[in-house]
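Reviewing the structure listed below.
No value in this document is a laboratory result; all are computed from the given coordinates. Owing to the predicted nature of the structure, the values given are computational and were not obtained by experimental measurement. Cβ sites come from the backbone with ideal geometry, for glycine too, and all protein chains shown count toward neighbours.
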Amino acid sequence: MMFGLSGGLEVLLFLAPTDMRKAFDTLASQVRDAGQNPLSGNLFVFVGKRANRVKILWWHRGGFYLVSRRLEEGTFSITVPGTDAEIELKIDLTELGLL
């Protein structure tokens, strides 16, 4: 797994589309607005409107990592039946890898 992530952390997937121009501070603010602590060491996953871009915000040892991935073809499959598009969803590292 990237950066030696362990199974003990939580992964929070934001279901509402996120503006992919956002960087460290605005994504951390979005995490705080959702009632979470961006400095917790957990992974916060954001998906763009077209579902072809993903950003992951992670706090580790005094600083943020911001990992970004863009698909040249296709989209990330994020289908969560019966959920409200404004909520967040906790997933595990295996599910993140499948995303």
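Values computed for the structure shown
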quantity: Placed amide H near Leu13: partners under 5 Å, 5+ positions off or other chain; calculated: Val45, Leu89, Lys90, Ile91
quantity: Under-5 Å amide H pairs with Thr18, H placed in peptide plane, nonlocal only; calculated: Val47, Gly48, Lys49
quantity: Sequence ranges 30-42, 59-71, ranked by mean other-Cβ count within 10 angstrom, highest first; calculated: 30-42, 59-71
quantity: Simple spin-label estimate for Leu39 and Ser77 in nanometres, 7 Å along Cα-Cβ; calculated: 3.9 nm
quantity: Extension reserve of the Arg70-Lys49 stretch, reckoned as 0.36 nm per residue once the Cα distance is removed; calculated: 6.3 nm
